[in-house]
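A.B. asks: Got a structure here, written out as structure tokens. Questions coming.
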Amino acid sequence: MTFVVAIDGPAGSGKGTLAIGISKKFNFSYFDTGSLYRGLALQALDVHGENFTKNDVITLARNFSINSIDQESLRSSKIGKYSSIIASIPEVRSILIKIQRGFKEENLYQKGIVVDGRDIGTVIFPNANIKFFVSASIEERAKRRLIDFSERNEIISYNEVIKQLQKRDQRDKERSVAPLVAAEDAHLVDTTCINKEEALKIVSSLIIVELDDYMKINK
């Protein structure tokens, strides 16, 4: 049995940083499911250009391997834009869901896994041992994105980042399959006014309680 931590939330909320912190603190395996959609977006752009079709992406998804993608190429604003569009294609989500669930099978003998995305607690691992939905104000999320882009020498304005986040949030929340929504049993974590250390401390205390109970049952 593997202890599963599911983390969902919109872009720039801090869920990835939090997930990495949890994986290091508890020695859990970590999977950023967003990298699948970003990797597929990169591949679609490389193969077909910006005019790729729905069928183009579906065909690529059927043979997609994240191991073939350069992770350093996935964090640009352009990739973020197209990955959100691709993530709205039901057939693509259906194909990639197998890869995401397979991560647990690949780590059956690990202490636990932490997985972040936008539908982890609702679709991918609805029976996760503990779930978190991480949020932050759009202004704070935009500031964080600007820092990320600046570190990669990508020039973009604050207002443009706001617009991108608004469009991405809308696509994520309104897509017909697996929309972005907090699971009913998820712990809500607002990171607007707290730093990553404080956020990690909050969620860690909750994980410790659940993990202790889990270990007693499964020892």
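A.B. asks: Of the residues 161, 134, which single one is crowded, with 19+ Cβ neighbours inside 10 Å, farther than 19 Å from residue 37 by Cα and more than 17 Å from the chain's Cα centre (by Cα)?
C.D. replies: Working: 134 fails: more than 17 Å from the chain's Cα centre (by Cα).
Sole residue among the options that is crowded, with 19+ Cβ neighbours inside 10 Å, farther than 19 Å from residue 37 by Cα and more than 17 Å from the chain's Cα centre (by Cα): 161.
A.B. asks: Looking at region 1-19, is at least one residue in a loop (DSSP other than H, G, I, E, B), of a type outside the set (Asp, Glu) and farther than 21 Å from residue 114 by Cβ?
C.D. replies: No; the residues of region 1-19 include none that is in a loop (DSSP other than H, G, I, E, B), of a type outside the set (Asp, Glu) and farther than 21 Å from residue 114 by Cβ.
A.B. asks: Moving on to the next point. Restricting to region 51-71, give me the number of residues that are under 23 Å from the mean Cα position of the chain (by Cα) and part of a helix (DSSP H, G or I).
C.D. replies: Keep residues of region 51-71 that are under 23 Å from the mean Cα position of the chain (by Cα), which gives 54, 57-71.
Then keep just the ones that are part of a helix (DSSP H, G or I); that gives 54, 57-62, 66-68, 71.
So the answer is 11.
A.B. asks: Output the residues belonging to region 103-130 that are under 25 Å from residue 86 (Cα atoms) and not in a helix (DSSP H, G or I).
C.D. replies: Of region 103-130, the ones under 25 Å from residue 86 (Cα atoms) are 103-104, 114-126.
Scanning region 103-130 gives 114, 115, 116, 117, 118, 119, 125, 126.
A.B. asks: Could you tell me which numbered condition residue 194 fails, if it satisfies all but one of (1) under 16 Å from the mean Cα position of the chain (by Cα); (2) surrounded by 13 or more Cβ atoms within 10 Å (Cβ to Cβ); (3) without any contact (Cβ under 8 Å) to a residue 24 or more places away in the chain?
C.D. replies: (1)
A.B. asks: Hey, another quick one. Identify, by number, the condition in (1) touching a strand residue (DSSP E or B) at 6+ places or on another chain (Cβ under 6 Å); (2) surrounded by 19 or more Cβ atoms within 10 Å (Cβ to Cβ) that residue 178 doesn't meet.
C.D. replies: If we test residue 178 against (1) touching a strand residue (DSSP E or B) at 6+ places or on another chain (Cβ under 6 Å); (2) surrounded by 19 or more Cβ atoms within 10 Å (Cβ to Cβ), just (1) comes out false.
A.B. asks: Quick one: in region 11-50, which of the residues that are among the charged types (D, E, K, R) and more than 14 Å from the chain's Cα centre (by Cα) is farthest from residue 192 (Cα to Cα)?
C.D. replies: So the first thing to find is which residues in region 11-50 are among the charged types (D, E, K, R), and the list is 15, 24-25, 32, 38, 46, 50.
Checking which are more than 14 Å from the chain's Cα centre (by Cα) leaves us with 24-25, 46, 50.
Details: 24: 23, 25: 22, 46: 36, 50: 34 Å.
Selected residue: 46.
A.B. asks: I would also like to ask the following. I need the full set of residues from region 60-76 which are free of Cβ contacts under 8 Å to residues at least 60 places away in the same chain and surrounded by 14 or more Cβ atoms within 10 Å (Cβ to Cβ), in order please.
C.D. replies: Those that are free of Cβ contacts under 8 Å to residues at least 60 places away in the same chain and surrounded by 14 or more Cβ atoms within 10 Å (Cβ to Cβ): 60, 61, 64, 66, 69, 74.
A.B. asks: Against the definition (in a helix (DSSP H, G or I), hydroxyl-bearing (Ser, Thr, Tyr), modelled with pLDDT of 90 or more and surrounded by fewer than 22 Cβ atoms within 10 Å (Cβ to Cβ)), how does residue 94 come out, yes or no?
C.D. replies: Numbers: in a helix (DSSP H, G or I): yes; hydroxyl-bearing (Ser, Thr, Tyr): yes; modelled with pLDDT of 90 or more: yes; surrounded by fewer than 22 Cβ atoms within 10 Å (Cβ to Cβ): yes.
Criteria met by residue 94.
A.B. asks: Follow-up question, since we're still on this one. I need every pair where a residue in region 165-185 that is free of Cβ contacts under 8 Å to residues at least 24 places away in the same chain has its Cβ under 6 Å from the Cβ of a residue that is in a loop (DSSP other than H, G, I, E, B) and of a type outside the set (Asp, Glu), sequence separation at least 6 or different chains.
C.D. replies: Matching pairs, first to second residue: 173/179; 173/180.
A.B. asks: Same structure again: How about region 133-159: which of its residues are in a loop (DSSP other than H, G, I, E, B) and either within 30 Å of residue 122 (Cβ to Cβ) or of a type in the set (Phe, Trp, Tyr) (or both)? Please lay out each step first, then the result.
C.D. replies: Going through region 133-159, the residues in a loop (DSSP other than H, G, I, E, B) turn out to be 136-137, 152-157.
Scanning region 133-159 gives 136, 137.
A.B. asks: Given the residues 77, 83, 73, 135, which is the only one that is in contact with a Ser or Thr (Cβ under 8 Å, 6 or more places away or on another chain) and small (Gly, Ala, Ser)? Before the answer, list the steps.
C.D. replies: Working: 77 fails: in contact with a Ser or Thr (Cβ under 8 Å, 6 or more places away or on another chain); 83 fails: in contact with a Ser or Thr (Cβ under 8 Å, 6 or more places away or on another chain); 73 fails: in contact with a Ser or Thr (Cβ under 8 Å, 6 or more places away or on another chain).
Within the list 77, 83, 73, 135, the selection yields 135.
A.B. asks: Right, another one. So which of 20, 7 is without any contact (Cβ under 8 Å) to a residue 60 or more places away in the chain, at negative phi and hydrophobic (A, V, I, L, M, F, W, C)?
C.D. replies: Details: 7 fails: without any contact (Cβ under 8 Å) to a residue 60 or more places away in the chain.
After ruling out the rest, the residue left standing is 20.
A.B. asks: Filter region 176-219 down to the residues that are within 20 Å of residue 34 (Cα to Cα) and in a loop (DSSP other than H, G, I, E, B) and list them by number.
C.D. replies: Across region 176-219, the qualifying residues are 176, 177, 178, 179, 180, 181, 182, 183, 186, 191.
The values are calculated or read from the model by the stated rules, or taken from the named source; none is laboratory data. Since the model is a prediction, treat every value here as computed from it, not as a measurement. So basically every Cβ, Gly included, is an ideal-geometry build from the backbone, and we count neighbours across all protein chains shown.
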